[in-house]
1. Could you name the lysines in cross-link range of K334, using Cα to Cα under 16 Å and dropping any fewer than eight places away on the same chain?
2. If one takes the longest principal axis of the Cα atoms in the chain, at what angle in degrees, from 0 to 90 and to the nearest 10, does the Cα axis of helix 551-561 lie?
3. Given H placed on each backbone N at 1.01 Å, which residues far from R134 in sequence or on other chains put an amide H within less than 5 Å of it?
4. Taking the Cα centre of the range 219-338 as the origin and placing charges on Cβ (Lys, Arg +1; Asp, Glu -1), which of A233, V262, Y305 is farthest toward the positive end of the dipole?
5. Might you report the magnitude of the Cβ-based charge dipole of the range 271-316 about its Cα centre, with Lys and Arg at +1 and Asp and Glu at -1, to the nearest 20 debye?
6. Going through the range 499-543, which trypsin sites (Lys or Arg not before Pro) have at most 13 other Cβ atoms within 10 Å and a DSSP loop state?
7. How far is helix 328-351 tilted, in degrees, relative to the longest principal axis of the Cα atoms in the chain, given as a value from 0 to 90 rounded to the nearest 10?
8. Over the alpha carbons of the range 386-464, what is the largest minus smallest coordinate on each principal axis, giving the biggest first in Å?
Amino acid sequence: MADTLPFQAEVKQLLDLVVHSLYSDREIFLRELVSNASDAIDRARILGLTRNDLVAAEGEPAIEIEVNRDRGVLVVRDNGIGMTREQAVEHLGTIARSGTRAFAQSLKEKGDTADGLIGQFGVGFYASFMVASRVEVHTRSAEPGAEPVIWTSDGGGEFSVEPGSRATRGTAVTLHLRSDCHEFLDGWKIKDIVKKHSGFVAYPVKFDGEQLNEPQALWMRSPAEVSDDDYKAFYMQGLGEWDEPSSWVHFRAEAPLEYQAVLFFPSRKPYDLDYPDGKRGVRLYQRRVLIAEASDQFLPRYLRYVKGVIDAPEVSLNVSREILQNTPVLRSIKNQVVKRVLRRLRELSREDVATYTQFWEAFGATLKEGVAEDRDNHDNLVPLLRFRTTAGDEWRELAQVKADMKDGQKEIGYLTGLDLGRLRNSPQLERWKKKGWEVLLLSDPVDEWVVMNLNEFDGVKLVSVAQGDVEADDDPIAEEARKQAEPFTAWAKELLGELVAGVRPSKRLTDSPAVLVDEGNVSANLERILRAARQDGPKARRVLEVNPEHALVKKLVAMHAAGDTAGAEPLARLLYDYAQLAEGHVDDVSGLTQRLSALMLRVAGG
Ligand code: ADP
Ligand code: MG
């Protein structure tokens with residue numbers, strides 16, 4: 001008694017695409033089936049760590065490929081976890097898991113130009129329908145008492161499930177190849193594809209009794225014997241990643257603790273990097289036996305994009321064997337691993353600037369979290385930082401900024417905000433620009449926390465160019481202009497009241513009439529970030545500075561001195577609006593529009 005069920009709508013859409021695509025690299029279907037088989041063996045092993053009631057596998061863990069040329073059939077067989085009837089319906093009828101879900105996500109974003117995406121993501125199990133007119137999955141779960149089932153579909157809108165006859169745990173996926181796909185019955189072809197796409201799968205992949213993949217775990221080999229291509233292939237085939245790694249580090253430690261690690265930096269930012277439930281962590285093995293698929297206990301959060309394997313036989317597991325115990329052994333490995341990773345990044349930044357820049361653009365904002373979180377590695381992190389600055393469009397490091405300091409410049413300035421373009425044009429930079437002093441432009445939200453933890457670099461203080469009063473240059477004319485503006489600024493403070501913490505004649509402006517500066521430790525930018533995250537934070541104190549040498553300010557000073565406060569008032573308020581506008585955030589928009597229309601009316605002679 002077979003039950004016929006419809007595919008989930010997203011699966012149907014995916015299948016339509018897969019079946020009708022002219023994707024030329026159809027051979028990747030085999031990679032997908034082999035990697036599912038390998039995942040199934042992994043899952044059985046991991047579950048077996050905590051359960052002893054699972055049905056045992058027949059023989060050693062292995063993946064077998066078989067063909068029947070007469071019938072035009074190709075089979076991929078594993079002795080992994082298998083599926084119950086419910087699981088077959090759920091996992092093969094809906095978009096169940098990681099890889100395929102990420103594909104569907106990209107599909108939504110990019111529309112149906114899916115050709116490149118198929119190669120990149122593989123589309124998982126459904127890639128079978130690129131080459132098969134009918135797919136049968138004969139499976140039996142390792143759960144005690146589970147019944148065998150057969151899942152069948154021709155890749156149209158539905159599939160069927162019926163009782164099967166498989167006697168052992170595991171899964172066999174049988175593809176009835178389309179007539180234009182009989183090349184995949186050829187032994188050479190199969191060997192070739194497996195070596196190319198699945199050479200680093202962790203379990204033996206066999207065809208005609210011959211093992212096709214690498215017999216030795218890559219991380220156990222000596223780094224000198226492993227080629228760049230091997231590392232890249234391992235990253236994609238062994239770890240199941242989709243991009244190319246931008247770099248990697250492979251090392252072994254022997255004393256006092258023994259462990260091996262091979263760790264990779266991806267080249268592209270994964271879409272779930274900042275999701276709280278995003279997939280992260282490295283694989284933990286003990287003497288080549290997989291213990292955890294994604295352990296986040298070896299690397300701090302700011303290195304959460306690092307992928308790879310740590311084989312650490314001496315790490316102890318707790319009773320349920322699911323969480324590692326936070327022992328001194330674990331902590332000591334973690335410390336060493338972090339240092340090796342940071343050291344590798346340092347090397348990369350020196351040896352290959354282009355690759356490091358690509359890494360920085362994808363992961364710099366995340367790495368910067370380390371400056372706020374990891375005091376122990378502060379000195380290892382700071383040289384890795386790269387900044388946009390007023391010196392040009394290049395990424396700059398602090399050592400360069402320091403080396404290029406001008407005579408008379410005692411500090412390195414920075415300016416925070418959320419929009420780089422706006423920062424570049426901020427009036428707050430005017431004094432620094434005039435002197436030719438380079439300023440760091442910090443436009444990631446995390447930068448506020450970076451500067452809180454980065455008070456100086458190599459003996460030079462880092463200061464906000466938007467904060468506090470500044471030292472006056474020795475210029476008697478400017479000094480005189482400021483003096484004359486003081487009665488006006490005192491009056492303007494009365495006028496603006498609580499809106500500002502003060503109003504004063506500016507020493508930092510050259511071109512603009514007015515600017516808002518931060519007074520105290522909380523910047524307006526930080527206040528806005530916290531507010532956007534719905535967190536209550538301290539309020540920024542802001543001072544309005546006016547440029548006493550600007551024609552408009554001079555005029556206002558004169559109006560005020562002549563007793564024309566009625567005429568000066570709307571303009572003084574607009575000056576405050578103007579300073580807010582320059583930052584791109586006006587609190588009182590309706591007030592501003594009213595003031596503007598009144599002004600326009602007046603100018604028009606109304
Ligand atoms: P993904 O591998 O990214 O999860 P797939 O489309 O490749 O997506 O597979 C969908 C799901 O089907 C898997 O997550 C798994 O639960 C199940 N599955 C596929 N092949 C097997 C297999 N050989 N053994 C057990 N379960 C499998
Ligand atoms: Mg898969």
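Read the figures in this text as sums done on the coordinates, not as results from a lab. A quick note: this is a predicted structure, and the numbers were derived from the prediction, not measured. Counting neighbours? That spans all protein chains shown, and the Cβs are built from the backbone with ideal geometry, glycine included.
1. The qualifying lysines are K307.
2. Approximately 50 degrees, to the nearest 10.
3. Amide H neighbours of R134: H176.
4. Y305
5. On the way: 8 positive and 7 negative charges, 31 e Å.
Charge dipole of the range 271-316: 140 debye, to the nearest 20.
6. Values: sites: K507, R508, R528, R531, R534, K539, R541, R542; in loops: K507, R508, R534, K539.
When the trypsin sites (Lys or Arg not before Pro) of the range 499-543 are filtered for loop state and at most 13 Cβ neighbours within 10 Å, R534, K539 remain.
7. 70 degrees
8. Extents along the principal axes, in whole Å: 30, 27, 21.
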